[in-house]
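A short write-up of the structure that comes next.
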Amino acid sequence: MRASKPSLIVLGAAGRMGAKVVEHIKRSPDCVLAGAFDIAPGPGIQAPGRLKAALDKADAAIDFTTPATAAAYAQICAELGKPIVIGTTGFNGVQLKAIKNFSKDVPVFLSPNMSPAVNLTFAVARLMAGKLGGFDIHISEIHHKLKKDSPSGTALKYLAHIKEAYKGPVPVTSIRAGDIVGEHTVLYAGPYERVELTHRAHSRDAFAQGAVKAAL
């Protein structure tokens, strides 16, 4: 039996998602916060220069930073033999290849969306694409105006799953407005009917809770 609770490091702790992850770890009965890091340190948040020492004593890390920073942190985790959960999106091919290589040395959980419900709908979207012959498919997503990547990583993940079962074109449209947390819809339109698969995030807590669960 484990003598102590798993200890987790949060990377990008000053950001919207990182701050939520810190909150959930502090409230969780199943883990403890081993450190919060960000390039913009503040109360309770350390500078990245102190990361290696803290990570060496922790069990895993959770990353919500930027693509280049996340890839660099994944390398550090690989060097120290620490698992990492990555919720950052917008990676290019070189960065993804590097992270995949790091996953040969340590567990890497990489997903554009940490909601367990969204990850279930990826499979549902693929199933529907394969079963609804003759239907047109369209993906749309809406996020807050500060989100940098467009289309969202979640929309691209839907697209990848759908293309496994559907050979036709699948347009993807994006809207950036207000403070919308996140909304994704996959539309299946047939000659006499349509089906819409929609997920709406009411709070970033869904993603934070999912990230902590993935780390555990």
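Separation of the range 110-144 and the range 28-51 by C-alpha centroid, Å? Measuring centre to centre over Cα atoms gives 33 Å. Considering only beta bridges that DSSP places wholly inside the range 7-110, some 5 percent are antiparallel.
Could you work out the equivalent-ellipsoid semi-axes for the range 14-87, taking the square root of 5 times each eigenvalue of the Cα gyration tensor, largest first, in whole Å?
Computed over the range 14-87, the values are 17, 15, 12 Å.
Computed over neighbours whose Cβ is under 11 Å from that of E183, the net charge equals 0, Lys and Arg +1, Asp and Glu -1. Max-minus-min Cα coordinates of the chain on each principal axis give 60, 37, 36 Å, with the largest extent listed first. Candidate cross-link partners of K131 among the lysines, defined by an alpha-carbon separation under 16 Å and a same-chain spacing of 8 or more, comprise K163, K167. Working from Cα pairs under 8 Å separated by at least six residues, relative contact order for the chain is 20 percent.
Computed on the Cα trace of the range 116-201, the radius of gyration divided by the Kirkwood hydrodynamic radius gives Rg/Rh = 0.97. The charge dipole of the range 7-110, taken about the Cα centre with unit charges on the Cβ atoms of Lys, Arg (+1) and Asp, Glu (-1), comes to about 100 debye, rounded to the nearest 20. Could you compute the net charge surrounding A165? Neighbours are other residues with a C-beta less than 13 Å from the C-beta of A165; K and R count +1, D and E count -1. After counting each charged neighbour, the total is +3.
Bear in mind that the values in this text are calculations on the coordinates, not laboratory data. Since the structure is predicted, the reported quantities are computational estimates derived from the model, not experimental observations. Using ideal geometry, Cβ is built from the backbone for each residue, glycine included, and neighbour counts are taken over all protein chains shown.
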